[in-house]
Amino acid sequence: MVSNGAMTSATTSDLFLPEPEPREVRYTVISVDDHLVEPAGMFEGRLPAGLQDRAPRIVEMPDGKEIWEFDGNLYAQVGMNAVAGRRPETVKVEPFRFDQMRRGCWDIDARIQDMDINGVWASLNFPSMITGFCGRVFSQCSDPELGLAVTRAWNDWLYEEWYSPYPERIIPMGITFLTDPELGAAEIRRNAERGFRSVTLPERPHRIGLPSIFKDYWEPIIRACAETGTVISLHVGSSGMAEFPEGCPPMQLGATLFGEMSLVACAEWLWSAWSLKFADLAIAMSEGGIGWVAMLIDRLDNLVDRSGYGMGWELRPAEVLRRNFWFCTIDDPSTIDTRHAIGIEHVMVETDYPHGDGTWPDTQAVIEKCWGHIPPGELRLMCCENAARLYRHPLPATVLP
């Protein structure tokens, strides 16, 4: 095990911009898509004695890189896209040591400080590299007993070390066991009983070797979410990236297609009809933006009114979409004015800390620049009130603007 100690491969000034001053707070912000980087000691003492020595662990490579080792595999991107605060010229490659990331990536006290700098009231955090955005690494462990134990350990750490110290500032979201839906449902219920508000599931599970969302396999997990009020969070990339043609620039093309990926996943989850079976089911599309949503609604209406392909449900498909799905945006300056077509009560904001798309430490300024023309009541809905209602999270005494 290695510590998060002094810089070894470069000095702090070489990698990081000067520490930013706290920004003026014009808007009360709940970010529904941020990330935590699993700390090196996350799993220490959290597994049954017979499994503890097989828990994920950080190892240091001869070249100085810190990487995760688990179940016979190595995971090199210990700081997957954790580039907040880095000098732009230093982020050509992923951080590969903890001391090459802001401490707020993995330390909750430092994270709250970074939220304060950015003017963010509360934050929902997705996992990072060793977990996969939806916990798939643990679910697909070669030893199911170990995989389940690590899944539970991750959730226990999230609850005890990340959420509990600052319950007004962190919205607790867990992972679950995907390769046994009954066990997965039980983990969702265990978490819900102690206050978890969401679970991250794969966007398109068939792409990572699991049954498709159209299969009854998922019924126990989805029923557990519906019955406990647990929001299903579907993060772009949780079941892999878009298909890459030979010779393409994968980073550029993959990042360009986030909206397309979210559109496809949303359409599949809609037509899976789980939202008809469970009318109270809540599904949040994370990091896909909103630019495609009004187009999807138009298309769904056309399927009913023009071709007739969308007939057969008691509700119009677009009505189900507006009732059961929520959408998050960093800014969407060209398409934010489609918010009423989508449903203003179903649009939420994200900062994506600490990733390259993120707006830290200038989220307040980004909202002002892109959304400053929007009436204050609508701004309050999108910046915090919709998220507070969906995730049943408290707001501060004064909500801005």
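The values are calculated or read from the model by the stated rules, or taken from the named source; none is laboratory data. Computed from a prediction, not measured in an experiment: that's the story for all the values here. Glycine also receives a Cβ, built like all others from the backbone with ideal geometry; neighbour counts cover every protein chain displayed. For accessibility, only protein heavy atoms count, side chains too; no ligands or nucleic acids. Shrake-Rupley method; radii C 1.70, N 1.55, O 1.52, S 1.80 Å.
Identify, from the list Arg190, Arg207, the residue that is open to solvent by 30 Å² or more (accessible area, probe 1.4 Å) and either farther than 18 Å from Val137 by Cα or part of a strand (DSSP E or B) (or both).
On the way: Arg207 fails: either farther than 18 Å from Val137 by Cα or part of a strand (DSSP E or B) (or both).
The unique qualifying residue is Arg190.
If Trp68 passes every condition in (1) assigned to a loop (DSSP other than H, G, I, E, B); (2) touching a Leu at 6+ places or on another chain (Cβ under 8 Å) but one, which one does it miss?
Trp68 satisfies every listed condition except (1).
For segment 74-86, does any single residue satisfy the condition of being part of a strand (DSSP E or B), surrounded by fewer than 16 Cβ atoms within 10 Å (Cβ to Cβ) and either within 24 Å of the chain's Cα centre (by Cα) or at pLDDT 95 or above (or both)?
Within segment 74-86, one or more residues are part of a strand (DSSP E or B), surrounded by fewer than 16 Cβ atoms within 10 Å (Cβ to Cβ) and either within 24 Å of the chain's Cα centre (by Cα) or at pLDDT 95 or above (or both).
Those residues that are open to solvent by 20 Å² or more (accessible area, probe 1.4 Å) and within 11 Å of Asn324 (Cβ to Cβ), I need them from segment 279-296; list them, please.
Once the filter is applied, which keeps residues that are open to solvent by 20 Å² or more (accessible area, probe 1.4 Å) and within 11 Å of Asn324 (Cβ to Cβ), segment 279-296 yields Ala279, Asp280.
So is Gly229 open to solvent by 20 Å² or more (accessible area, probe 1.4 Å) and touching a helix residue (DSSP H, G or I) at 6+ places or on another chain (Cβ under 8 Å) or not? Break it down into steps so the answer makes sense when it comes.
On the way: open to solvent by 20 Å² or more (accessible area, probe 1.4 Å): yes; touching a helix residue (DSSP H, G or I) at 6+ places or on another chain (Cβ under 8 Å): yes.
For Gly229, the condition - open to solvent by 20 Å² or more (accessible area, probe 1.4 Å) and touching a helix residue (DSSP H, G or I) at 6+ places or on another chain (Cβ under 8 Å) - is met.
What number of residues in segment 357-399 are in contact with a helix residue (DSSP H, G or I) (Cβ under 8 Å, 6 or more places away or on another chain) and over 17 Å from Ser123 (Cβ atoms)?
So the answer is 6.
Which numbered condition trips up Phe70, out of (1) touching an Asp or Glu at 6+ places or on another chain (Cβ under 9 Å); (2) aromatic (Phe, Trp, Tyr); (3) open to solvent by less than 50 Å² (accessible area, probe 1.4 Å)?
(1)
Go over the candidates Gly240, Gly254, Gly310 one by one and state the one that is surrounded by fewer than 19 Cβ atoms within 10 Å (Cβ to Cβ) and over 20 Å from Pro202 (Cβ atoms). Let's see the steps before the verdict.
Working: Gly240 fails: over 20 Å from Pro202 (Cβ atoms); Gly254 fails: over 20 Å from Pro202 (Cβ atoms).
The conditions single out Gly310.
Between a first residue in segment 165-184 that is closer than 18 Å to Asn125 by Cα and open to solvent by 60 Å² or more (accessible area, probe 1.4 Å) and a second residue that is modelled with pLDDT of 95 or more and assigned to a loop (DSSP other than H, G, I, E, B), which pairs have beta carbons less than 6 Å apart while being 6 or more apart in sequence or on different chains?
Listed pairs, sorted by first residue: Glu168/Pro394.
What number of residues within segment 279-332 satisfy the criterion of being of a type in the set (D, E, K, R) and more than 21 Å from Ile232 (Cα to Cα)?
Going through segment 279-332 one residue at a time, the tally reaches 9.
Please state which one of Arg322, Arg299, Arg380 is open to solvent by 20 Å² or more (accessible area, probe 1.4 Å), assigned to a helix (DSSP H, G or I) and either in contact (Cβ under 8 Å) with a residue 60 or more places away in the chain or in contact with a strand residue (DSSP E or B) (Cβ under 6 Å, 6 or more places away or on another chain) (or both).
Arg380
Could you please let me know if Leu296 is closer than 29 Å to Pro172 by Cβ and modelled with pLDDT of 95 or more?
Numbers: closer than 29 Å to Pro172 by Cβ: no; modelled with pLDDT of 95 or more: yes.
No.
Looking only at segment 185-207, how many residues end up being farther than 22 Å from Ser123 by Cβ and among the small types (Gly, Ala, Ser)?
2
I'd like to check something: does segment 291-299 contain any residue that is out of contact with any helix residue (DSSP H, G or I) (no Cβ under 8 Å at 6 or more places or on another chain) and small (Gly, Ala, Ser)?
No; the residues of segment 291-299 include none that is out of contact with any helix residue (DSSP H, G or I) (no Cβ under 8 Å at 6 or more places or on another chain) and small (Gly, Ala, Ser).
Yes or no, residue by residue, for (1) at pLDDT 95 or above; (2) farther than 24 Å from Met251 by Cα; (3) part of a helix (DSSP H, G or I); (4) hydrophobic (A, V, I, L, M, F, W, C):
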position	(1), (2), (3), (4)
Glu19	yes, yes, no, no
Glu24	yes, yes, no, no
Thr28	yes, yes, no, no
Met42	yes, yes, no, yes
Gly50	yes, yes, no, no
Phe96	no, no, no, yes
Ile112	yes, yes, yes, yes
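If we scan segment 282-289, do we find a residue that is in a helix (DSSP H, G or I) and modelled with pLDDT under 95? Break it down stepwise before answering.
Initially, segment 282-289 is screened for residues in a helix (DSSP H, G or I), giving none.
No.
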